[in-house]
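Engineer: Here it is, the structure in full.
The values are calculated or read from the model by the stated rules, or taken from the named source; none is laboratory data. These numbers were taken from a predicted model, which means no experiment stands behind them. Please note: Cβ atoms are built from the backbone with ideal geometry, for glycine as well, and neighbour counts cover all protein chains shown. Just so you know, the surface numbers come from the protein's heavy atoms only, side chains and all, with ligands and any DNA or RNA stripped out. Shrake-Rupley method; radii C 1.70, N 1.55, O 1.52, S 1.80 Å.
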Amino acid sequence: MDNRIVLITGANSGIGKAAALQFAEAGLTVLMACRNKKSGQQALTEIQQQSGNTRVELFEVDMSSQRSIRECCKELKKRYDKLDILIHNAAYFNHGEGHRLSEDRIEFTFATNTVGPFYMTTLLKELLSRSPDARILHASSTIIKHFFDPKRTIQWDHVTGPYKGEKPYSVYQHYCDSKMALVTLTFLLAEQLKADNISVNALQINGARMSKETLRKFKPAWRVAAIIQNLYFPPPEKMADCYFTICTANEFKGLTGKLFNHQNKVIEPAPANPSKIEEIKQLTTSKFHPRYAAERKNQEEVLKRCKELIFGANMINNDERE
Ligand SMILES: NC(=O)c1ccc[n+]([C@@H]2O[C@H](COP(=O)([O-])OP(=O)(O)OC[C@H]3O[C@@H](n4cnc5c(N)ncnc54)[C@H](OP(=O)(O)O)[C@@H]3O)[C@@H](O)[C@H]2O)c1
């Protein structure tokens, strides 16, 4: 038996579910934080049966809702007095739907993929700091390569309130912004949480076969594209292996503030003035990430915006709201 405790968001399907099974098979206590109680319960039963590990538990959370995150973390703190691994896997990619706001009036993708994970980390910091080797992992995506375009920035005007853009709302752009913000936060949080002995890293996911349930959420045109794409993607277990290795292997102990690729290799910031060959490598390999995430002013901007969206503009030094 392993006395480590891992919390995985969105553990009822895809990579999150495959990872929950892998951690359960390795004997850790697995906390599955899911939005859908029914499919969460189904996944939990399957995982317990396949792994033979009964220390697998379901917590309800909607990562787009700050109220739900607060309630989930309150429940977690009542039941556990430490947390060793926190994997922010859940994400929203609104499969052809139009612009939506969360109940906190934040663009839905950004609320779920960036603000939610940041808030949950803030609320669970104390539990994590009680682990001798706490590790947080953010699930990012190769979509952030769009930020190799030096003109590309996060579109803050579109993160709150009704959509005011001149061009039609693009899910692609908002998903990309949310995943870039998450990587940018990874680097700053890694520094800030070092004193608490908590490491923070991100994984750049380059593709994983999507489940039937996930494909069903797509609007028809997107579904066809995703089914074709699925033919070329590896099974979710492949990425789940990366989650497991980065969060448990000794060689990753103490390593923090890194973005890893699908081979668990560190991705370096792109050179300031790339040669033509380096520009090609940026797009065709996973050796470099856009400099945007490494720049201090962008890191501070993402942190400030997230805090404002949670605690309000006048309360950005307030770390925790119960
Ligand atoms: N698959 C890929 O090719 C790929 C590529 C790049 C990055 N990624 C990243 O990999 C991670 C896992 O994706 P996946 O491929 O395994 O997709 P998936 O099977 O669709 O899993 C996504 C999970 O997130 C959950 N989720 C969505 N919105 C939520 C919310 N508001 N609150 C709580 N949970 C929520 C979903 O729950 P429900 O079942 O309730 O919807 C589901 O469990 C994501 O971060 C994704 O962005 C995937």
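Engineer: Could you say whether any residue in the range 196-208 is near the ligand (Cβ under 10 Å from one of its atoms) and over 24 Å from VAL302 (Cα atoms)? Give the derivation first.
Structural biologist: Filtering the range 196-208 for residues near the ligand (Cβ under 10 Å from one of its atoms) gives 203-208.
Now drop any that are not over 24 Å from VAL302 (Cα atoms), which leaves 207-208.
Within the range 196-208, one or more residues are near the ligand (Cβ under 10 Å from one of its atoms) and over 24 Å from VAL302 (Cα atoms).
Engineer: Okay, moving on. So the check is Cβ under 6 Å with 6+ separation or different chains; which pairs have a first residue in the range 92-112 that's over 17 Å from LYS164 (Cα atoms) and a second one that's among the small types (Gly, Ala, Ser) and near the ligand (Cβ under 10 Å from one of its atoms)?
Structural biologist: As it stands, the answer is GLU103/SER65; ALA111/SER64; ALA111/SER102; THR112/SER64, since those pairs meet every condition given.
Engineer: Which residues, taken from the range 64-85, are surrounded by 24 or more Cβ atoms within 10 Å (Cβ to Cβ), away from the ligand (no atom under 14 Å from the Cβ) and not in a loop (DSSP other than H, G, I, E, B)?
Structural biologist: The answer is ILE85, and nothing else.
Engineer: Sticking with this one: Contact list please: Cβ distance under 9 Å, first residue in the range 192-216 and closer than 16 Å to THR142 by Cβ and open to solvent by 20 Å² or more (accessible area, probe 1.4 Å), second residue part of a loop (DSSP other than H, G, I, E, B) and within 7 Å of the ligand (Cβ to nearest atom), pairs at least six apart or on different chains.
Structural biologist: Taking only residues 6 or more apart or on different chains, the pairs are ASN206/PHE233; ARG209/PHE233; MET210/SER13; MET210/PHE233.
Engineer: Here's something else I'd like to know. Please go through the range 117-145 and pick out each residue that is closer than 20 Å to LEU188 by Cβ and either touching a Phe, Trp or Tyr at 6+ places or on another chain (Cβ under 9 Å) or assigned to a strand (DSSP E or B) (or both).
Structural biologist: We begin by selecting, within the range 117-145, every residue closer than 20 Å to LEU188 by Cβ; these are 117-126, 128-129, 134-141, 144.
Within the range 117-145, ALA134, ARG135, ILE136, LEU137, HIS138, ALA139, SER140, SER141, ILE144 meet the criteria.
Engineer: Out of ASN94, ASN53, ASN113, which single residue is among the polar types (S, T, N, Q), under 30 Å from GLY254 (Cβ atoms) and either in contact with a Lys or Arg (Cβ under 9 Å, 6 or more places away or on another chain) or buried (at least 23 other Cβ atoms within 10 Å of the Cβ) (or both)?
Structural biologist: Working: ASN94 fails: under 30 Å from GLY254 (Cβ atoms); ASN53 fails: either in contact with a Lys or Arg (Cβ under 9 Å, 6 or more places away or on another chain) or buried (at least 23 other Cβ atoms within 10 Å of the Cβ) (or both).
Only one candidate qualifies: ASN113.
Engineer: Okay, next question. Any idea which of VAL30, VAL61, VAL56 is near the ligand (Cβ under 9 Å from one of its atoms), within 20 Å of SER211 (Cβ to Cβ) and among the aliphatic types (A, V, I, L, M)?
Structural biologist: Numbers: VAL30 fails: near the ligand (Cβ under 9 Å from one of its atoms); VAL56 fails: near the ligand (Cβ under 9 Å from one of its atoms).
On inspection, the qualifying residue turns out to be VAL61.
Engineer: Filter the range 234-275 down to the residues that are open to solvent by less than 40 Å² (accessible area, probe 1.4 Å) and among the aromatic types (Phe, Trp, Tyr), then identify the one that is nearest to ASP149 (Cα to Cα).
Structural biologist: Selected residue: PHE260.
Engineer: Hey, another quick one. Hand me the list of helices (runs of 4 or more DSSP H) wholly inside the range 196-290 holding 2 or more residues that are modelled with pLDDT under 95 and on the phi > 0 side of the Ramachandran plot. Before the answer, list the steps.
Structural biologist: Numbers: elements: 212-216, 220-230, 236-248, 276-284.
Filter on the range 196-290 gives an empty set.
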